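*Asks:* I am attaching a structure below and will ask some questions about it afterwards.
The values are calculated or read from the model by the stated rules, or taken from the named source; none is laboratory data. Quick caveat, the model's predicted, so the values are computed rather than measured. Backbone-built Cβ (ideal geometry, glycine too); neighbour counts: all protein chains shown.
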Amino acid sequence: MVAEHRERGAAPAVDEISRQAPPQERTDAPRPPRTLLPLGHRWGRLDLLWRVLAAVGAGLVQLLSLPPYGLWWLGPAGAALLALAVAGARMRRAAWLGLLSGASLMVPLVRWQDVFGIDVWLVIAAAEAVYFAPMAMGLALVVRLPGWPVWTAALWVVQEAVRARWPMGGFPWGKLAFAQPDTPFSGYASLGSSALVTFAVALVGGLLLWAALRAARSRTARERAAAALALACGGAVVAGGALAPSLNNLEEGEAVAVGMVQGNVPGVGQMSVAGERMQVLNNHADGVHLLADLVREGEYPRPDLVLLPENASDIDPFRDPEAHEIISAAAEDAGVPLLWGMSRYNDDGTRYVSSVVWDPETGPGEMYDKRFLVPFGEYVPYRDFFTRFVARLQQVSSDAIPGDEPGALDVGGTTLAVAICFDVAFDEPVRESVAEGGGIVVVPTNNANYNFTGQSDQQLAITRLRAVEHGRPAVVVSTSGISAVVSPDGTVDYRSPEAEPDVHVAELTPMEGTTLATRAGAAPEAALSALGLAAVLVALRRSRSRV
């Protein structure tokens with residue numbers, strides 16, 4: 001009993017004192033930095049499953065934010081889910097999670113490529129998904145740094161910048177920015193092109209994730225206030241995009257009436273319409289004659305110029321007298337200059353994809369040659385090698401070669417900024433044409449292979465973002481739809497049906513002066529990319545210093 005009494009009254013052991021001591025008394029122990037999740041963190045027993053679901057969800061959410069779905073407000077969630085999937089993961093796991101996320105986006109997004117074959121579709125989708133692997137590895141590194149929402153957003157810009165340039169000129173389809181044609185985020189395009197829009201979308205996603213994680217583990221009023229502050233910052237980013245266009249000082253020119261002809265093609269949705277080249281030419285000439293008749297009947301005001309799509313003639317009128325006569329007769333009937341999309345063939349069998357100004361009195365004049373061509377669609381790189389394995393590529397009988405001049409064309413006294421079809425997905429063609437004086441953005445296109453697949457909606461969304469970027473009205477004129485008229489704020493004022501002939505006249509106001517984005521060029525993209533890469537280097541250095 002005595003021994004028991006002494007035991008109860010004995011002083012507690014040293015380790016018990018340390019366990020009972022209040023936290024503020026143990027201030028000498030180093031505290032880990034407040035990051036998203038520590039390296040090697042596991043989400044319980046189902047860690048891998050949760051990460052896979054988050055990665056797949058990131059890709060699918062981004063898909064839904066893009067046309068034809070158009071749930072633009074899901075864009076930030078896509079960036080947030082990918083950061084959540086790779087946070088705390090080792091590099092190898094982050095890489096394949098990024099690849100999985102990219103495939104979840106790209107496989108359904110470019111489904112329209114199966115017109116060239118399922119193998120072509122899946123190869124292109126897989127090649128695009130690869131870019132998400134190194135980005136995910138970078139995300140896993142920079143989420144360990146303070147201020148990580150900024151660095152993760154910058155890495156999205158890096159990924160899209162590389163994907164838009166390499167290989168074979170790049171394929172920028174599916175950018176975060178391209179889901180934001182006329183949303184609060186789109187205003188950032190007028191300050192820093194598509195790169196700044198992508199950065200803003202990903203930054204809001206990072207801030208939302210940071211706030212959610214901080215709120216989930218907050219124990220004090222101070223931590224809850226920090227989460228609320230992050231939400232407020234995200235709201236400020238969104239509001240800033242709505243205000244951004246007001247920072248530009250543009251002037252209105254003299255209004256012009258712009259005619260549009262969508263002639264339609266036979267066999268829409270098929271791989272090639274080359275076999276009906278004369279019919280396509282006649283369809284578009286007939287459309288010009290119809291528009292002229294409707295103007296004479298008072299159905300439409302008299303246009304100052306008429307726009308026709310890419311490939312409105314695949315017969316070279318400079319070599320074929322009949323095609324020359326058909327186009328000249330259409331121009332004479334309209335009584336105003338036409339901008340006619342055509343193929344111009346060279347002596348060696350190569351060709352240019354061109355838009356040519358055709359005056360009713362003087363005939364052909366200024367022209368623009370498409371600068372960004374579709375690999376395996378308009379030309380076959382390494383033709384001898386690839387046609388050995390994919391016989392279908394032999395249907396691309398002649399290789400197009402790219403132009404190298406901006407598309408600023410004077411049509412009836414109005415300077416147009418012309419970017420043919422695939423050109424519009426890249427920053428340079430429209431920017432340089434506007435810088436050369438283009439007051440209206442014009443996108444002649446041929447989407448006949450892709451009607452009713454969502455591809456035309458995706459391209460229209462990109463055009464709408466370009467309108468905001470440069471503060472110009474924009475016109476898309478297509479062989480078989482979608483043809484459209486877009487206001488400088490990105491809203492669609494007119495939209496044609498798909499796979500039907502259509503004519504329209506729109507009154508547009510050319511704009512003079514340039515936006516900050518037009519003047520800055522690629523500088524914002526380069527600066528944001530450098531920021532993201534610098535963050536990766538800092539994270540690597542810190543990781544090695546702890547080893």
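*Asks:* Tell me, which residue of the stretch 444-474 that is in contact with a Gly (Cβ under 6 Å, 6 or more places away or on another chain) and not in a helix (DSSP H, G or I) is modelled with the lowest pLDDT?
*Replies:* Out of the qualifying residues, it is N451.
*Asks:* Suppose we keep only residues that are acidic (D, E) and part of a loop (DSSP other than H, G, I, E, B) within the stretch 482-522. Which one would you say is surrounded by the fewest Cβ atoms within 10 Å (Cβ to Cβ)? Don't jump to the end; show me each part of the working.
*Replies:* Our first condition is that a residue be acidic (D, E); within the stretch 482-522, this holds for 489, 493, 498, 500, 502, 507, 512.
With the extra rule that they be part of a loop (DSSP other than H, G, I, E, B), the set shrinks to 489, 498, 500.
Numbers: D489: 16, E498: 23, E500: 12.
In this case the residue turns out to be E500.
*Asks:* If I ask for residues that are surrounded by fewer than 21 Cβ atoms within 10 Å (Cβ to Cβ), outside any helix (DSSP H, G or I) and either touching a Pro at 6+ places or on another chain (Cβ under 8 Å) or among the polar types (S, T, N, Q) (or both), which ones from the stretch 427-443 would you list?
*Replies:* E436
*Asks:* Among what's in the stretch 413-426 and is buried (at least 22 other Cβ atoms within 10 Å of the Cβ) and touching a Phe, Trp or Tyr at 6+ places or on another chain (Cβ under 6 Å), pick the residue that is nearest to E498 (Cα to Cα).
*Replies:* Filtering first and then ranking leaves F422.
*Asks:* Against the conditions (1) farther than 22 Å from P510 by Cα; (2) assigned to a strand (DSSP E or B); (3) of a type in the set (S, T, N, Q); (4) touching a Leu at 6+ places or on another chain (Cβ under 7 Å), where does S355 fall short? Just the number, please.
*Replies:* So S355 meets the others, but not (1).
*Asks:* Same structure again: Of the residues that make up the stretch 298-315, is at least one within 28 Å of T515 (Cα to Cα), buried (at least 18 other Cβ atoms within 10 Å of the Cβ) and among the small types (G, A, S)?
*Replies:* For the stretch 298-315, residues within 28 Å of T515 (Cα to Cα), buried (at least 18 other Cβ atoms within 10 Å of the Cβ) and among the small types (G, A, S): absent.
*Asks:* Restricting to the stretch 384-411, name every residue that is surrounded by 18 or more Cβ atoms within 10 Å (Cβ to Cβ) and within 17 Å of G438 (Cβ to Cβ).
*Replies:* Matches in the stretch 384-411: G403, P406, G407, A408, L409, V411.
*Asks:* To continue, here is another question. Check V336, V353, V357 and return the single one that is on the phi < 0 side of the Ramachandran plot, in contact with a Ser or Thr (Cβ under 8 Å, 6 or more places away or on another chain), in contact (Cβ under 8 Å) with a residue 12 or more places away in the chain and among the β-branched types (V, I, T). I'd like the intermediate steps shown before the answer.
*Replies:* Values: V336 fails: in contact with a Ser or Thr (Cβ under 8 Å, 6 or more places away or on another chain); V357 fails: in contact with a Ser or Thr (Cβ under 8 Å, 6 or more places away or on another chain).
When all the criteria are applied, what remains is V353.
*Asks:* May I pose another question? Specify which of the listed residues (V280, V295, V265, V261) is touching a His at 6+ places or on another chain (Cβ under 8 Å), of a type in the set (V, I, T) and closer than 30 Å to D410 by Cβ.
*Replies:* Values: V280 fails: touching a His at 6+ places or on another chain (Cβ under 8 Å); V295 fails: touching a His at 6+ places or on another chain (Cβ under 8 Å); V265 fails: touching a His at 6+ places or on another chain (Cβ under 8 Å).
Selected residue: V261, the only one of V280, V295, V265, V261 that is touching a His at 6+ places or on another chain (Cβ under 8 Å), of a type in the set (V, I, T) and closer than 30 Å to D410 by Cβ.
*Asks:* Taking the condition of being part of a helix (DSSP H, G or I) and out of contact with any strand residue (DSSP E or B) (no Cβ under 8 Å at 6 or more places or on another chain), how many residues in the stretch 279-313 meet it?
*Replies:* Here the count works out to 9.
*Asks:* For A77, all conditions in the list (1) surrounded by 18 or more Cβ atoms within 10 Å (Cβ to Cβ); (2) under 14 Å from L141 (Cβ atoms) hold save one; what is the number of the exception?
*Replies:* (2)
*Asks:* Name the single residue, out of those in the stretch 142-168 being more than 19 Å from A85 (Cβ to Cβ) and among the small types (G, A, S), that is farthest from the chain's Cα centre (by Cα).
*Replies:* Result: G147.
*Asks:* Listed residues A177, A140, A133, A129; which is at pLDDT 95 or above, within 27 Å of P488 (Cα to Cα) and assigned by TED's automatic domain parsing to the domain that holds P76?
*Replies:* After ruling out the rest, the residue left standing is A177.
*Asks:* Suppose we keep only residues that are farther than 20 Å from F452 by Cα and surrounded by 15 or more Cβ atoms within 10 Å (Cβ to Cβ) within the stretch 266-278. Which one would you say is modelled with the highest pLDDT?
*Replies:* The extreme case among them is M278.
*Asks:* Now, a different point. Keeping to the stretch 172-209, report how many residues are outside any helix (DSSP H, G or I) and either surrounded by 24 or more Cβ atoms within 10 Å (Cβ to Cβ) or not β-branched (V, I, T) (or both). Please lay out each step first, then the result.
*Replies:* Taking the stretch 172-209 as the starting set, the residues that turn out to be outside any helix (DSSP H, G or I) are 172-175, 180-185.
Those still in the list that are either surrounded by 24 or more Cβ atoms within 10 Å (Cβ to Cβ) or not β-branched (V, I, T) (or both) too: 172-175, 180-182, 184-185.
So the count comes out to 9.
*Asks:* For residues in the stretch 324-352 being in contact with a helix residue (DSSP H, G or I) (Cβ under 6 Å, 6 or more places away or on another chain) and either at pLDDT below 95 or in a helix (DSSP H, G or I) (or both), which is surrounded by the fewest Cβ atoms within 10 Å (Cβ to Cβ)?
*Replies:* The qualifying residue surrounded by the fewest Cβ atoms within 10 Å (Cβ to Cβ) is D333.
*Asks:* What about L294, is it surrounded by fewer than 16 Cβ atoms within 10 Å (Cβ to Cβ), of a type in the set (A, V, I, L, M, F, W, C), touching a residue at least 40 places away in the same chain (Cβ under 8 Å) and touching a Phe, Trp or Tyr at 6+ places or on another chain (Cβ under 9 Å)?
*Replies:* Details: surrounded by fewer than 16 Cβ atoms within 10 Å (Cβ to Cβ): yes; of a type in the set (A, V, I, L, M, F, W, C): yes; touching a residue at least 40 places away in the same chain (Cβ under 8 Å): yes; touching a Phe, Trp or Tyr at 6+ places or on another chain (Cβ under 9 Å): yes.
In short, yes.
*Asks:* Output yes when any residue across the stretch 314-335 is within 24 Å of N451 (Cβ to Cβ), in contact with a strand residue (DSSP E or B) (Cβ under 6 Å, 6 or more places away or on another chain) and assigned by TED's automatic domain parsing to the domain that holds V475, and no when none is.
*Replies:* Yes, the stretch 314-335 has at least one match.
*Asks:* Among the residues of the stretch 85-105, is any in contact with a His (Cβ under 8 Å, 6 or more places away or on another chain) and under 20 Å from F199 (Cβ atoms)?
*Replies:* Yes, some residue in the stretch 85-105 is in contact with a His (Cβ under 8 Å, 6 or more places away or on another chain) and under 20 Å from F199 (Cβ atoms).
*Asks:* Let me ask something else. I'd like to know if the stretch 225-243 contains one or more residues that are surrounded by 14 or more Cβ atoms within 10 Å (Cβ to Cβ) and on the phi > 0 side of the Ramachandran plot.
*Replies:* Checking the stretch 225-243: not a single residue is surrounded by 14 or more Cβ atoms within 10 Å (Cβ to Cβ) and on the phi > 0 side of the Ramachandran plot.
*Asks:* Yes or no: R319 farther than 17 Å from T479 by Cβ, part of a strand (DSSP E or B) and of a type outside the set (S, T, N, Q)?
*Replies:* Working: farther than 17 Å from T479 by Cβ: yes; part of a strand (DSSP E or B): no; of a type outside the set (S, T, N, Q): yes.
Taking the combined requirement at face value, the residue does not satisfy it.
*Asks:* Would you mind listing the helices (runs of 4 or more DSSP H) fully within the stretch 83-167 where at least 1 residues are surrounded by fewer than 24 Cβ atoms within 10 Å (Cβ to Cβ) and of a type in the set (S, T, N, Q)?
*Replies:* Working: elements: 91-109, 118-130, 132-142, 148-163.
By residue number, 91-109.
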